[in-house]
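Below: one structure, written as structure tokens.
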Amino acid sequence: MGRLGDWFDFSPAQSKVIVALTVSALVLAVWAFVRTYAVVTTQAEALPVFVGDPDTRFTGVFVLDPNTAPADSLELLPGVGRIIADRIVEYRQQHRFEREIDITGVKGIGARLYDQIRPYLRIQHR
């Protein structure tokens, strides 16, 4: 800090404040620069995905039997939260799921949600 004092007539305390302000300004400038390039824009165009034959059935990463799966495992299904998982457990106490489509009998599971969770369902027939 002696060099800054050679060019300007600052006290040591004033020199420390100037250095701190300069460092702060540089950090903020770098943060603003990175932020402008790191933010994902919402204007990105969604690209269609073609997996294959629509009649082909794909299996999810994990598979659950809605007749036996605990509520916390059912919550892992996409679009299924605590309330719908509890409804599935209540429903299966009265009815057995014979086919995957039977889960649409649970209040809150319509065609759209069924399409999301269908790859993750597998009924174990006894």
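The rule of thumb for compact globular proteins, 2.2 N^0.38 Å, goes into the C-alpha radius of gyration of segment 65-126 0.96 times. Maximal additional length on extending the Q14-D86 stretch stands at 19.4 nm, based on 0.36 nm per residue less the C-alpha distance. For L64, nonlocal amide neighbours, meaning residues 5 or more places apart or on other chains whose placed amide H falls under 5 Å from its own, are L121, R122.
Since every read-out is calculated from the coordinates, none of them should be taken as a lab result. In this text the structure is predicted, and so the values were computed from the model without any measurement.
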